[in-house]
Amino acid sequence: MMTRSFPRSVLVTGGCGFIGSAFLLKLVPRYPDTQFVNLDVLGYAANPLSVAELEARPNYTFVHADLNDADGIYRVLSEHRPDWVVHFAAESHVDRSILDPLAFARTNIIGTLNLLEACRAIWPEADGHCFHHVSTDEVFGSLEDDGHFREDTPYDPSSPYSASKAASDHFVRAYGRTFGLPYRLTNCSNNYGPRQFPEKLIPLMILNALDGKPLPVYGTGMNVRDWLYVDDHVEAIACVLTAGRDGETYCIGGNAEKPNLEVVQEILRTVAAETDRPADEMAALIQYVTDRPGHDHRYAIDAGRIHRELGWAPAESFETGLAKTVRWYLENPAWVESVRTGAYRDWMDQNYGDRA
């Protein structure tokens, strides 16, 4: 297995979001000779506080830009001339995609195309460059009670969100085949961990349990997801960047399949252990709500390829990762408060009322 070092410059899209910020927090200090450029539009789910500790580092730069502004994206890439682009930025919440599919098409498809076009313009030669596209296992659709997603699983998206990510995946591969753009693509399972925006299941349940608010569970709570701690995902991406092959896809999973109801129950046990609150009282907050339209039954990833070829495996179990996550939310009230005001709160109140 051949490896390569981090280059002179890496541009990260969506670096104030959940996974992008985790990537920067890990790798900016690790590679002081690499200049990291964080390009983010600062949408509702982005939080500059997530990367505030990087602002004093000489190898970190923030650029406020919108992927939907093709000319602006070209100007940013022309100025910074990144050797690698790591593309996290996306609209990612399924519920929102059901309410506003066009917003997902604009950001996830057109935004990705604008970025690909800019890379094609500034990289006349492929050598030394890489466009790493971060995608999701949701593009594969739904599994029954057995089987796993693999790199060759046919795409079968169910929601506007997963359809927009599937389209962006196809465009990345098409640019590789048509224009010779060097790319690598990863499809990951459900991420969780510190700094995740509380529209997603785990942070929403943690914060609602702490506040004594209802814990909304779709349907019967038996939909199954494979859970991946965000720092494990970051290490997997770093592994693909340094040891993966151009034009290849790698599936990244946490080996932690659980029904949603079991996840909520584990959250309540962990919150109770960390706060001395009675778990049975919090369990009474669980409310079963009407299932999401087109709700996929089960996701599960076979991460055998990245383990065999690149040597990566998750370091955290679901239990250890969840304990770290709960402690982080308890210890960072300023971050929590910063995302519980403004546009996010207005949207949640309008669409979910006391369910949030």
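Return yes when ASP95 is under 22 Å from the mean Cα position of the chain (by Cα), acidic (Asp, Glu) and not in a helix (DSSP H, G or I) and no when it is not. So ASP95 does not fit the description; no.
Residue pairs whose Cβ atoms lie under 6 Å apart, separated by 6 or more positions or on different chains, with the first residue in region 150-163 and on the phi < 0 side of the Ramachandran plot and the second hydroxyl-bearing (Ser, Thr, Tyr), are GLU151/THR249; SER159/SER97; PRO160/SER97; TYR161/SER97.
Apart from one condition, ILE122 fits all of (1) without any contact (Cβ under 8 Å) to a residue 24 or more places away in the chain; (2) more than 30 Å from LEU204 (Cα to Cα); (3) in contact with a Ser or Thr (Cβ under 9 Å, 6 or more places away or on another chain); the exception is (1). Could you please find all residues in region 18-40 being surrounded by fewer than 24 Cβ atoms within 10 Å (Cβ to Cβ) and of a type in the set (Ser, Thr, Tyr)? Across region 18-40, the qualifying residues are TYR31, THR34.
Applying the condition of being among the β-branched types (Val, Ile, Thr) and crowded, with 17+ Cβ neighbours inside 10 Å to region 193-226 and asking which residue is nearest to the chain's Cα centre (by Cα) yields ILE202. Apart from one condition, GLU266 fits all of (1) charged (D, E, K, R); (2) touching a helix residue (DSSP H, G or I) at 6+ places or on another chain (Cβ under 8 Å); (3) outside any helix (DSSP H, G or I); the exception is (3). Take the conditions (1) on the phi > 0 side of the Ramachandran plot; (2) modelled with pLDDT of 95 or more; GLU262 misses just one of them, which is (1).
Cβ contacts < 8 Å: first residue in contact (Cβ under 8 Å) with a residue 40 or more places away in the chain and in a loop (DSSP other than H, G, I, E, B), restricted to region 80-91; second residue of a type in the set (D, E, K, R) and surrounded by 21 or more Cβ atoms within 10 Å (Cβ to Cβ), any location; separation 6+ or different chain. Result? Sorted first by the residue in region 80-91, then by its partner, the pairs are ALA89/ASP40; ALA90/LYS165. Out of the residues in region 147-165 that are of a type outside the set (Ser, Thr, Tyr), in contact with a strand residue (DSSP E or B) (Cβ under 9 Å, 6 or more places away or on another chain) and in a loop (DSSP other than H, G, I, E, B), state the one that is surrounded by the most Cβ atoms within 10 Å (Cβ to Cβ). Taking the candidates together, the pick is HIS148.
Please state which one of GLY244, GLY311 is modelled with pLDDT of 95 or more, buried (at least 19 other Cβ atoms within 10 Å of the Cβ) and more than 23 Å from PRO214 (Cα to Cα). Steps first, please.
On the way: GLY311 fails: buried (at least 19 other Cβ atoms within 10 Å of the Cβ).
Unique residue meeting the criteria: GLY244.
Being among the small types (Gly, Ala, Ser) and within 27 Å of HIS295 (Cβ to Cβ) narrows it down to one residue among GLY147, GLY180; which is it?
One residue alone meets the criteria, GLY147.
The values are calculated or read from the model by the stated rules, or taken from the named source; none is laboratory data. Since we're looking at a predicted model, the values are computed, not measured. Neighbour counts are summed over all protein chains in view; Cβ atoms, including those assigned to glycine, are modelled from backbone coordinates with ideal geometry.
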